[in-house]
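The values are calculated or read from the model by the stated rules, or taken from the named source; none is laboratory data. The structure displayed is predicted, hence computed values, not measured ones. Here Cβ is always computed from backbone atoms with ideal geometry, including for glycine, and neighbour counts include all displayed protein chains. Note: areas computed on protein heavy atoms with side chains; ligands, DNA, RNA excluded. Shrake-Rupley method; radii C 1.70, N 1.55, O 1.52, S 1.80 Å.
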Amino acid sequence: MKNPRVELKTVYGEVLVELGADNPDIFVVEADLMKASGSKPFLENYPDRHINVGVAEQNLVGIAAGIAAAGGIPFACTMANFMAKRACDQVAMSVAYNMFNVKLVGCYAGLTQEKNGGTHISFMDIGVMRSMPGMTVLVPGDSEEFRQAVRAASVFQGPVYIRMPKLLQGSLPGKTYEFEIGPCYQYGNGNDLTVIATGLATDIALDSLQVLEEAGIAARVLHVPTIKPLDTESVIRCARETRACITIEDHATVGGLGGLIAETLTAACPVPLARIGMQDAFGLTADLEFQLEHFGITASHVAAEAIRLLDGRGQNE
Amino acid sequence: MSKDEQRIRTAEHWARKIRLDIIDMCCRVGPERKAHPGGALSAADIVAALYFDKMRIDPDTPQWPDRDRFILSKGHTCPVLYAALANRGYFSKDLYGTLRRVDGNLQGHPDMRKTPGVDMTTGSLGHGLAAGAGIAMSAKIDRKDFRVFVLLGDGELQEGLVWESAMASPRLGLTNLTVIIDINRLQSGGSVEQILPLHPLREKWASFGWNTIEINGHHMEEILAALDLAVLEQERPTAILARTVKGKGVKFMEDDNSWHQRTLTEEEYCLAVKMLESGGSA
Ligand SMILES: Cc1ncc(C[n+]2csc(CCOP(=O)(O)OP(=O)(O)O)c2C)c(N)n1
Ligand SMILES: [Mg+2]
């Protein structure tokens, strides 16, 4: 993986301003973390529609629910960790239960929280959010996709969670599609293995294609920017067309993409499956690269798991 | 020198040392990592008074069951706690270099499993008072005479959980619990007054059933007197409202919230040392 370079807060600020210009119903709600979210340009342009509730994540989500109840479209942002854990009940009862049109944005998500360490690294936000009935869960893989996800969420009717790492690649290499809510996107056509990836791990999965090819394994990557509702058709099709699947994410495999794919394939098409991600562990106080290596979220680990699952036998051999 | 004056001078001496160590850590941590010096400096006098005067502790036995407890609820300002613990002899200052390093003893937020002397893990704001109330309650039930001190940030007071614990503590009769609020008037995004004002703060705590005391949080005589009163109080838990200055002691950091989370350069460090060595802490 090349070091991710685009700071998503810049993108978030820009796109909010565009949305605010088009739609007077857009509100922005913050909990003292504007420096992390980047919504200041919106505050400067539309001060009446920007609310900072202070260090109070439960209030953040509760107030967003109220704004939606009165017809507005609030974008509420705090660190993914606090959104999923501190405000969990508000997300469930005040937002999801009522199917309110609230857009929840979890910033500094996953391992990009880096040196703030174990108390701050969100390893369960995907799991929490996808367990909420009716919640749409978006986990973009590059900064373009993040921009499109925020736009798409603004016109989508219903509650949406967007996972926002601190940084992502500008654009995934070899991309041929424009992001929409719903589909998975396939890279490559190998018939030995499907690497199913989300968020910043998709870039790592794409790197693994090369490593796998060198090991004689023909693989494909299935990128999952919409975790919920899952494009089960693509997942099952890829599982059928290949001999094994590996999931990869910067999140706990319990509840995360790994859990999701295991649930999906066990019911529809059981295949050998390995799940790469955080395994029953809190994050570390370390930079992104170190943590990816530590948790085995790497192309070489994908290759090792592939060889194990396929008994070392790729079709090309 | 009278005995009282001796107490004051001693605590002030350690506050100065703690400040020097805070800026040392917040410089050494390097530009790749950033610690939180502003809120650490604003709390230095309070923490010095606790660790070098008021608290009944034994650095050789960090897990001593009858020790007084301190919870830094505003965990991001942990350099002030690490400096107090090191100066008090819980661990060597050699550990300062491990701040915010993987597997280091000094994590970016206090971790009771990694750092000797840390009584409660914090970092997610708003948790400290509830945990402190639980510990104080246990002391009451076990008929132990140790005390619990919890330091809260003023921005942190915006967390609803703080007020749930504030409501419960008087009801639970926690006379052994003292809250100190570091009112440095700044939070992450700027001025508390502009983001979400707290006043009338004293009335809020009083109306919840707390014994309240207002002090200048950099005036050692006032800090010690307030802590003495808190210990004497027989009926209610005590909330000490300490007016402070974020970045206190280093002129170019004072009241400048860019120092909420920021690394000092070598030059800034040298300048800060000069200011601290010449200025004193009051
Ligand atoms: C639950 C939670 N929400 C948000 C944060 C991010 N955060 C860290 S420090 C801070 C501001 C704290 O302000 P204050 O309590 O006044 O601390 P001080 O001024 O002493 O630094 C915020 C919002 C956090 N650590 N925990
Ligand atoms: Mg403050």
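If the condition is being crowded, with 22+ Cβ neighbours inside 10 Å and under 20 Å from A:Ile63 (Cα atoms), then the stretch A:95-119 contributes A:Val95, A:Ala96, A:Asn101, A:Val102, A:Lys103, A:Leu104, A:Val105, A:Gly106, A:Cys107.
Inspect all residues belonging to the stretch A:205-214 and state whether any of them is aliphatic (A, V, I, L, M), crowded, with 21+ Cβ neighbours inside 10 Å and not assigned by TED's automatic domain parsing to the domain that holds A:Ala299. No, the stretch A:205-214 has no match at all.
The set of residues from the stretch B:105-117 being open to solvent by less than 10 Å² (accessible area, probe 1.4 Å) and polar (S, T, N, Q) comprises just one member, B:Thr115. Among the residues of this structure, B:Leu198 counts as one that is within 13 Å of ligand 2 (Cβ to nearest atom) and not β-branched (Val, Ile, Thr).
Considering each residue of the stretch A:238-254 in turn, at least one proves to be open to solvent by 20 Å² or more (accessible area, probe 1.4 Å), touching a residue at least 12 places away in the same chain (Cβ under 8 Å), assigned to a loop (DSSP other than H, G, I, E, B) and more than 19 Å from A:Ala80 (Cα to Cα). In the stretch A:193-201 there is at least one residue matching the filter, namely being of a type in the set (A, V, I, L, M, F, W, C) and more than 15 Å from the chain's Cα centre (by Cα). Pairs meeting the criteria (first residue in the stretch B:24-47 and in contact (Cβ under 8 Å) with a residue 12 or more places away in the chain and more than 16 Å from ligand 2 (Cβ to nearest atom), second residue open to solvent by 10 Å² or more (accessible area, probe 1.4 Å) and among the aromatic types (Phe, Trp, Tyr), beta carbons under 7 Å, at least 6 apart or on different chains) are B:Cys27/B:Tyr269.
With B:Leu99, B:Leu161, B:Leu172, B:Leu106 as the choices, which residue is among the aliphatic types (A, V, I, L, M), within 27 Å of A:Asn59 (Cβ to Cβ) and within 20 Å of the chain's Cα centre (by Cα)? Walk me through how you get there before you give the answer.
Numbers: B:Leu99 fails: within 27 Å of A:Asn59 (Cβ to Cβ); B:Leu172 fails: within 20 Å of the chain's Cα centre (by Cα); B:Leu106 fails: within 27 Å of A:Asn59 (Cβ to Cβ).
Exactly one of B:Leu99, B:Leu161, B:Leu172, B:Leu106 is among the aliphatic types (A, V, I, L, M), within 27 Å of A:Asn59 (Cβ to Cβ) and within 20 Å of the chain's Cα centre (by Cα), namely B:Leu161.
Contact map, the stretch A:207-221: residues that are of a type in the set (Lys, Arg) paired with residues that are open to solvent by less than 20 Å² (accessible area, probe 1.4 Å), Cβ distance under 6 Å, separation 6+ or inter-chain. Pairs shown: A:Arg220/A:Gly190; A:Arg220/A:Thr194.
Of B:Met120, B:Met137, all but one fail to be open to solvent by 50 Å² or more (accessible area, probe 1.4 Å), out of contact with any Pro (no Cβ under 6 Å at 6 or more places or on another chain) and within 14 Å of chain A (Cβ to nearest Cβ); the exception is B:Met120.
Conditions tested, residue by residue: (1) part of a helix (DSSP H, G or I); (2) away from every other protein chain (no Cβ under 14 Å); (3) away from ligand 1 (no atom under 16 Å from the Cβ); (4) open to solvent by less than 10 Å² (accessible area, probe 1.4 Å).
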position: B:Pro31; (1), (2), (3), (4): no, no, yes, no
position: B:Asp53; (1), (2), (3), (4): yes, yes, yes, no
position: B:Asp58; (1), (2), (3), (4): no, yes, yes, no
position: B:Gln63; (1), (2), (3), (4): no, yes, yes, no
position: B:Leu85; (1), (2), (3), (4): yes, yes, yes, yes
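Restricting attention to the stretch B:255-282 and to residues that are within 17 Å of the chain's Cα centre (by Cα) and open to solvent by 30 Å² or more (accessible area, probe 1.4 Å), the residue that is nearest to B:Pro31 (Cα to Cα) turns out to be B:Gln261.
Can you pull out the residues in the stretch B:65-83 that are under 19 Å from B:Ala133 (Cα atoms) and not in a helix (DSSP H, G or I)?
Scanning the stretch B:65-83 gives B:Pro65, B:Asp66, B:Arg67, B:Asp68, B:Arg69, B:Phe70, B:Ile71, B:Leu72, B:Ser73, B:Lys74.
Would the stretch A:262-279 turn up any residue that is buried (at least 18 other Cβ atoms within 10 Å of the Cβ) and within 14 Å of another protein chain (Cβ to nearest Cβ)? Checking the stretch A:262-279: not a single residue is buried (at least 18 other Cβ atoms within 10 Å of the Cβ) and within 14 Å of another protein chain (Cβ to nearest Cβ). For the stretch A:1-96, the helices (runs of 4 or more DSSP H) that sit wholly inside it and include 1 or more residues that are acidic (Asp, Glu) and assigned by TED's automatic domain parsing to the domain that holds A:Tyr161 are A:8-22, A:40-45, A:57-69. For the stretch B:87-117, what are the residues that are of a type in the set (Ser, Thr, Tyr) and facing chain A (nearest Cβ under 10 Å)? Selection gives B:Thr98 alone.
Restricting attention to the stretch B:65-83, the residues that are touching a Lys or Arg at 6+ places or on another chain (Cβ under 9 Å) and within 16 Å of ligand 1 (Cβ to nearest atom) add up to 2. If only residues of the stretch B:87-104 that are of a type in the set (D, E, K, R) and over 16 Å from A:Glu114 (Cβ atoms) are counted, the one that is most open to solvent (accessible area, probe 1.4 Å) is B:Asp94. For the stretch A:39-83, a residue qualifies if it is open to solvent by 10 Å² or more (accessible area, probe 1.4 Å) and aromatic (Phe, Trp, Tyr), and the qualifying residues are A:Tyr46, A:Phe82. Of the conditions (1) within 14 Å of chain B (Cβ to nearest Cβ); (2) open to solvent by 20 Å² or more (accessible area, probe 1.4 Å), A:Asp32 clears all except one; give me its number. It fails just one condition, (2).
Taking the conditions (1) more than 14 Å from every other protein chain (Cβ to nearest Cβ); (2) outside any strand (DSSP E or B); (3) at negative phi in turn, A:Gln291 satisfies each one other than (1). Criterion applied to A:Ser131, A:Ser122 was being among the small types (Gly, Ala, Ser) and open to solvent by 10 Å² or more (accessible area, probe 1.4 Å), and the one residue passing it is A:Ser131. The single residue among A:Gly20, A:Gly38 that is within 16 Å of ligand 1 (Cβ to nearest atom) and in contact with a helix residue (DSSP H, G or I) (Cβ under 8 Å, 6 or more places away or on another chain) turns out to be A:Gly38. Within the stretch B:33-51, the set of residues being away from chain A (no Cβ under 14 Å) and of a type in the set (A, V, I, L, M, F, W, C) comprises B:Ala40, B:Leu41, B:Ala43, B:Ala44, B:Ile46, B:Val47, B:Ala48, B:Ala49, B:Leu50.
Yes/no matrix, rows are residues, columns are (1) more than 12 Å from every other protein chain (Cβ to nearest Cβ); (2) within 15 Å of ligand 1 (Cβ to nearest atom); (3) among the hydrophobic types (A, V, I, L, M, F, W, C):
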| position | (1), (2), (3) |
| --- | --- |
| A:Asn59 | no, yes, no |
| A:Ala65 | yes, no, yes |
| A:Ala70 | yes, no, yes |
| A:Ala76 | yes, yes, yes |
| A:Lys85 | no, yes, no |
| A:Met132 | yes, no, yes |
| A:Gly141 | yes, no, no |
| A:Ala149 | yes, no, yes |
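Would you check if B:Ala130 is open to solvent by 30 Å² or more (accessible area, probe 1.4 Å), away from ligand 1 (no atom under 16 Å from the Cβ) and either farther than 22 Å from A:Leu33 by Cα or outside any loop (DSSP other than H, G, I, E, B) (or both)? In short, no.
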